[in-house]
1. In vacuum, with every alpha carbon of segment 607-673 counted as one equal point scatterer, what does the Debye formula give for log10 I(q)/I(0) at q = 0.18, 0.20, 0.21, 0.29 Å⁻¹? Two decimals, please.
2. Kindly state, to the nearest 0.05, the FRET efficiency for Gln747 paired with Asn7, given R0 = 41 Å and r defined as their beta-carbon distance.
3. Greater than 25 Å separation of Cα atoms is the criterion. Which listed pairs, Lys73/Lys94; Lys6/Lys98; Lys351/Lys472, meet it?
4. With N set to the number of residues, divide the alpha-carbon radius of gyration of segment 601-643 by 2.2 N^0.38 Å and report two decimals.
5. Mind checking the dipole of segment 3-104: about its Cα centre, +1 per Lys or Arg Cβ, -1 per Asp or Glu Cβ, Debye to the nearest 20?
6. From the gyration tensor of the Cα coordinates in segment 194-281, what semi-axes in whole Å does the equivalent ellipsoid have, largest first, with each one equal to sqrt(5λ)?
7. Over all pairs of distinct alpha carbons, what does the Kirkwood formula give as the hydrodynamic radius of segment 3-104, in Å?
Amino acid sequence: MKKTLKNQILELLNSLNEGITYIEQSKNATNELKLQVLQDCQACILPIKNSIIGNDRAKKSLALMDGIETNLKKMQILLQKNKPLVMISFMSRKQILKIKEIVMQLDNRKEVVFLPYNASMWDSLESIWQAADEDENCDAYVVPIPYCDRNPDGSAKNWNYEGHDLPSYVPITNWQEYDISKHRPDIIYIHNPYDDYNLVTSVHPNYYSKELKKYTDMLVYVPYFVSGDIVGPIKCKAPGVVNADRVIVESEKIKEQYEANYPGGNPPKNKILALGSPKFDKVRNSKKEDFALPKQWEKIINGKKIILYLTTIETMLLDTESFIKKHRYVFSVFRDRKDVALWWRPHPLLKATFESMKPELLKEYEQLEYEYKKAGWGIYDDSSDLYRAITWSDAYYGDMSSVIWLYEVTSKPIMVQNVNIRKPIEECLVDEIIIKRNFNFRDMVVVGDSGWFVGYTNGNLVEIDLNTGEVKSIVKIPCEDLSYRIEKCLNKLYIMPNGNYQYLLEYDYIKYKFRRISLRFICKDTKNKYNKKYKYLIIKEYREKIFLFPYGCEAIIEYDVKKDQCIYHYEWYNKIEKYLINKDKGILDEVYCMSKDSIWISLPQCNAIMEFSFIDGRSNIYEVGDSSSSYSYMDYDGENLWLLNNKETEIIKWNKINLILCRYNIKNSYNVENKLRKFSMIHIFNNNLYIFKAFAKNSLKLDMTTGEITRIKKFDESLNLNHNFIYCDGLHDNYPGIGIIKKRNNQEIVFFHFASNQGYVYNLHYQTIHKIGRYFEANLYSRIMNKEYIKNNKKNIIWKEEELIYGVLENYIQYLVLKQTNAEELNLVGDDVHSVGCKIYHLIG
C-alpha cells in the first residue's frame, strides 16, 4: 500500500475514534451537537472502505468496517432515545484498533513520479528512476510534460512534447492520463526550476513547482545542469528551489553557494543535499557500442580523431556577432583536414533564443547552419543524446558550459574557446607570443574571488583566481601609454592614463568590451615644468564616480560613470602652490589613504597633507609635525591618520581636530644599520598597525591601543627573503619591499613582493600565505605535451584559450592527433554505475 494512502487511512481511523469517544464521554455537549459529530464519523466510513478495497491483504478489515458502520447507526438511535452508549462505543473502538493493526502491518509502497520536459535533460533524472524502477515496493511513473517556446512578449509560440525522444527502455505514461491531483504521489522529481520566469521556454503552468507542491509531501528538484565550481545566484533563487522540499546538488561547494544565495539566506535544514549529479552516472555508464551512428556520420569519422564542438546561449548573448564569426573561423580550420573531424553540437535552445532575443541576426545564423550541413564534411548534432557525443569524441572544444563538468569525468582533453578569433602562430612575430613567467603588478582591484591588474612588464589586463593562484584570463589592452593604476566601479574596470594619453580606459568584464573616455589635461601654470610621464598618480572610486588625482597637471578629474561625464576641479591647486618645492617631483605624492567621504594625500617633500572631499570637491591643507618632516606611508582607522615619517624612525597618530595625539618610536625595532629604505607599506587591521619591511630585518605590528610593538615573525619567514638587492627608487623590479596592499576581505590582503617577483595572498588572522600568478606559455602544444606537467596534475586539466596567445586551435588539434589515448587513464570510477541515483533515491525515499 502507498505510504501516503496508508497514512490517510490511519488519520481517518484516528478521527473516527476521537469522534466516537467524544459522543460517548462529552457531558456538556447537546444531543444535537453529538448527532452532528456522528454524521462526521459516518462520512469517514466510505473513504476508508474505498482505500482498503483494492488491497488483498487489507480486505479482511472490510467486515470490521461494516460492523463499525452498523454500530454508528445504532448509536444514532440510542442518542435520539437518550440511552447510554458505553457498550457500543467500546465495541466500535475495539474494531477500529484491529483495523489499525491490519493497516500498520501492510508493506509501505511508494508512488514516485518523474516529470521531464526536455528529452536532452532526462539524464539528470534517469539513474534515480532506475533505482526506483528496481524497487519492488515502488510504483515509478515517467510522465513527460509539454512545454512551449515563447515569443518575445512572453506568450506561447508553439507547444512541444518530447516523450517519444526518451530512450526506448523507459516506459512512458501519458501526461493526459496521469492526474497528479488524484494520484497524490509520495515523491515528485523535477528538473525544471523556473516556473514562469524562463524567457525562452515554459512548461505547462499546471506543472509549475508551486502547483505540484499542492499534491505531494516531497517535491524534489534535481538540476538539469552541473555547475563545476560556481553556480549563478539566480539559479539558487529559482521558484523550483524555493518550493521544493529537497534540492539535490553535485558538491558541498555548490551547496554552500545555494545556501548563501537562498532568499533570506537561511534555507530549511537538510533542504539542500550535496549527493552528486545523476548525469555523472550516465557518463560513467556509457560505451560506444551503446550508440549506433548514422551511416553518413561513420563516413565523416572514418578513423579520424573527433573534437566535440559545443556552443552555448550565454556566449551568444554576450557578443552575438563575434559568436557567429568564431563559428566561421572554426569551420575554416576543420574543413580540409583529413586527420580530425568536427562534431558540432549547438545548445538545443540556441535557435529559439535567437528567435526570441536576437531576431535581427537569426537569418545569418541559419545561413551558417545551412552551409555547414550542406557541405557535409562535419557532423551536425541537434539530437537529445548528449552522451553519444561525449562517448564518441576524443576531445572537447567550445564554450564554458555544464557539459564540461561531465566531460571532465572522462579525462579527455578540454579546451574552452575564446570567441575572439586567434591568428595562426606562423603569422605572428615572436615577441607577440611571449608572456613572462611572473605577472609583475603594482595595483589591483578585488572582484569576488578574482584579482584584476595591469601587468607591469607586459601591459595585459590579467585576472587571477585569489584562491588557487591560477591566472583565469589575459586580455590584450587595445591602447598604449596606460598606467598600471586600476579601479572598479559597478561591473567595469578603469585604467588610468600615462603621459599624454588623454583617455581613461574602461573595460566591462561582463561583456568583455573596452571603451575610451576622453579627458582634458589643462596646465594653467605654463611657466612650471611638469612631469610628462605621469599625468595622474591615483585613481579612486566613490559612489559610482571615478576620481583621478594628478602628478603632473592641475586638474582633479571626477568622472560620473552613470552620467558618462567629467567634472574638473582646480580650486585645490591654489592652496598647495606654496608647498611645491620641486614640481619635477610631482604635485601630489603617491602616499594617500581613504576616509569615509574624503581622501588624504601627502604633498611631496614637505609636511603638508591635503584632505579632498568627494562630496563637494573642496579641499583643506594641514601641516603635520615640523617643517622638516615628510611622510612615506599613511593609513586611516576611521578617526585618526597614522603616518610613517620619511626618516622611518617613528609612527605618528594624528587627526585634524586634536592634531598630533601620539608618537611611537620604531627606530630600535627593525634591526638594520644601513641607510636603505627600511619599510615598504603600513596597513591597519583589527586595531593593529602592520608595518611591512623592505630592507629592515623585521616586519612590525603596533597595537594601536597599548602601543606595544612586536615582530611579525611568521610573515617574514614565509617570504624567505634575502637582501642581495641594489636599492633604487622603490619602483624598480629589484626593490625588495611590498609594492601594493589590497584588502580582499576582512582578514586577507593581496600584495606583490618585488624581491621574489611574486604576488601573494596573506591571511592576517591565521598568518598563512599562498602565491598567486602561475607560469603561462604561449605554445599550447609544447605545454600540454610536457609529461611532468601532466603527471603532477591528477585532475583533468581544462585549458582556456583566452589565457594563451596565438595558434591555439591549430596546436590543440595537433596535440590530439599525436596523443595516444590510454583506456587506463580514463577516470571512470565506482562499481555501481547508478551510484548517485541510488544514493538520492534511498535517502529521499
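Read-outs: derived from the displayed coordinates by stated rules, not from any lab. Quantities reported herein were computed from a predicted structural model and do not represent experimental measurements. Cβ placement follows ideal geometry from the backbone for every residue including glycine, while neighbour counts extend to all protein chains displayed.
1. -0.71, -0.84, -0.91, -1.42
2. So, using R0 = 41 Å, E works out to roughly 0.20.
3. Lys351/Lys472
4. 1.19
5. 280
6. 20, 15, 14
7. 13.8
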